[in-house]
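Everything on this sheet refers to the single structure shown next.
A short reminder: the numbers here are calculations on the coordinates, not readings from a lab. Fair warning: this is a prediction, and the values are worked out from it, not measured in the lab. In this analysis, Cβ positions are derived from the backbone assuming ideal geometry, glycine residues included, and neighbour counts consider all displayed protein chains.
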Amino acid sequence: MKEAFAGELAAAYDGAVVDEVRANGYRFAAGRLTIHLARELGFCYGVERAVDYAYQARRRFPGQRVYLTGEIIHNPHVNQRLRDNGIRFLSDPGEQRDELGAGDVVILPAFGVTVGEMARLAERGCTLVDTTCGSVLNVWKNVTRYAQDGFTAIIHGKVKHEETRATASQALKYPSGRYLVVLDKAEAAAVCSYIRQGGDRAAFIARFSAAASPGFDPDVDLVRVGCANQTTMLMSESLEIGEMFRAAITDRYGAEALVQHFRAFDTICSATQERQDAVAALLDEYALDLMLVVGGYNSSNTCNLARICAERVRTFHISDPDCLVSADAINHRPVGAPSTTTGREATTTGWLPSGALSVGLTAGASTPNNIVGQVIKRLESFCR
Ligand code: SF4
């Protein structure tokens, strides 16, 4: 049965073009165009499993309403295909959570849901199909342990991202649990400064009110901290942030007391890390004219791949082949813009240089290979 569904999934996201390019040394050449493919790209193990479980759930409960709490992963094509297969999204207009009942099936996405939402769905008697990725569960395990031991979880992540909201909620399972979400090094630096020498308590609370557990008191809740992160952040940045906190705690309490005040676990998932490493290797190996990064505009790991590339080469983050409007115009999400579905999309003209062209290509963990294949084919059509 499982094999049958795996076959269905493979057919839905046919990756024949990508398979061919991989077999050809990750290189596609046609006329003046050469495309170099990152050695790790596209669907990760967690996403593949989640999408597979969703299709299985639809088949296994034929007479019942099957829902997703929201996007299963951050890719509009994958989500639309699930809608087309009869799976309803509780986040869609007109859907009512309070109408859910014992006969309904609810699929939980790869990045998980909050403790509160899980409890509410269970109370209603819904059948839950939990696709939360094992790498996310690993983060939850660490955050839960911090809470049990009275350490505040410092989460490097995006406070509005579903995964970070779910992770933060894990800290509140224990009365001593606290969390604080930091987006980047600038926010981490502000928190580290408070750890070192204190500061304006009211201003701190105001600045981080949307990112901290209820009643967060920096004078009390920054004494013992444990670092964690959203699994799809930039690994280098997460590691730097961890070291910033280690240094601040050491300065405040001394190296000999570090173990009583500081903990850290590397919770970037291996799939994210492999994709980030692969794109760095690609940029080292080839002199590229430009880089295409394919994935949803609200996909955190795709946005971070684009950030890595943009530091080294002209980069366009596109959501699908339709963004390649023509040899003259491309629609794309400006690198560094907020990662939201409704994010600003820019149009750049004159994007494709003339003459021999070397293009790097990668895709986020929520991008199926058929989309990558379509991008290759469309780009080729502009270079004949
Ligand atoms: S990106 Fe990592 S944590 Fe997220 S679903 Fe994929 S494997 Fe799991």
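Odds and ends about this structure:
- Principal semi-axes of the equivalent ellipsoid, √(5λ) from the alpha carbon gyration tensor of region 293-369, are 19, 14, 12 Å from largest down.
- With the convex hull constructed from alpha-carbon coordinates only, region 123-166 shows a mean projected area of 4.3 nm² over all directions.
- Rough spin-label spacing in nm, given labels placed 7 Å along Cα→Cβ, for D328 and K160: 3.5
- Backbone phi angles across region 92-98, fed through the Karplus curve with coefficients 6.51, -1.76 and 1.60 (θ = phi - 60°), yield HN-Hα couplings of 6, x, x, 7, 10, 4, 6 Hz in residue order; Gly and Pro are listed as x.
- Centre separation in Å (Cα based) which lies between region 244-306 and region 52-105: 32
- Highest average packing first - 357-364, 169-176, 260-267, Cβ atoms within 10 Å: 357-364, 260-267, 169-176
- Local charge for R275 was computed over the other residues whose Cβ lies under 12 Å away, with Lys and Arg +1 and Asp and Glu -1, and equals -2.
- When the P(r) of region 11-93 is calculated, the portion above 21 Å amounts to 44% of the C-alpha pairs.
- Per-residue extension of 0.36 nm, minus the Cα-Cα distance of S193 and A206, leaves a gain of 3.1 nm for this segment.
- When the Gaussian network model of the chain links Cα atoms closer than 10 Å, the mean-square fluctuations of P321, P62, P109 top out at P62.
- Alpha carbon convex hull of the chain, projected area averaged over orientations, nm²: 20.6
- Computed over neighbours whose Cβ is under 15 Å from that of V17, the net charge equals -1, Lys and Arg +1, Asp and Glu -1.
- Relative to the longest principal axis of the Cα atoms of the chain, helix 134-148 runs at roughly 10 degrees.
- Region 10-147: relative contact order as a whole-number percent, Cα under 8 Å and 6+ apart: 21
- Tail weight of P(r) past 22 Å, computed on alpha-carbon pairs of region 29-154, percent: 46
- Over the C-alpha trace of region 145-283, radius of gyration and Dmax come out as 14.8, 47 angstrom.
- Note on region 183-250: Rg/Rh from C-alpha atoms, Kirkwood Rh, equals 0.94.
- Secondary-structure-derived ellipticity at 222 nm for the chain, considering helices only, amounts to -13000 deg cm²/dmol, per-run term -39500 (n - 2.57) for DSSP H runs with n ≥ 4.
- Cross-link reach list, aspartates and glutamates versus K141, counting only Cα pairs under 19 Å and skipping chain neighbours closer than eight places: E117, D130, D149, E162, E163, D266
- Two-site label geometry, D251 and T127: point separation in nm, points 7 Å out along Cα→Cβ: 5.6
- Expressed per residue, the C-alpha convex hull volume of region 97-141 stands at 65 Å³.
- Region 315-384, relative contact order in percent, only Cα pairs under 8 angstrom and at least six apart counted: 33
- Among the GluC sites (Glu not before Pro) in region 226-313, those located in a DSSP loop and surrounded by at most 15 other Cβ atoms within 10 Å of their own Cβ are E311.
- Label positions at N138 and D289, each projected 7 Å from the Cα along the C-beta direction, are separated by 4.0 nm.
- The phi-based Karplus calculation (6.51 cos²θ - 1.76 cosθ + 1.60; θ = phi - 60°) puts the 3J(HN,Hα) values of region 106-119 at 10, 8, 9, x, 4, 8, x, 10, 6, 4, x, 5, 4, 5 Hz, whole numbers, x for Gly and Pro.
- Calculated FRET value between E95 and E274, using beta carbons and R₀ = 25 Å, to 0.05: 0.10
- Extension reserve of the D19-L258 stretch, reckoned as 0.36 nm per residue once the Cα distance is removed: 81.1 nm
- This model, with +1 at the C-beta of Lys and Arg and -1 at the C-beta of Asp and Glu, gives region 283-362 a dipole about its Cα centre of some 240 debye.
- Net charge of Cβ neighbours under 12 Å - reference R165; Lys, Arg +1; Asp, Glu -1: -1
- Note on A30 and F265: the extension gain reaches 80.1 nm, defined as 0.36 nm multiplied by sequence separation minus the Cα-Cα distance.
- Expressed as a fraction of 2.2 N^0.38 Å, the C-alpha radius of gyration for region 90-224 is 1.19.
- Across region 247-384, the fraction of Cα-Cα pairs farther apart than 21 Å, rounded to a whole number, is 48%.
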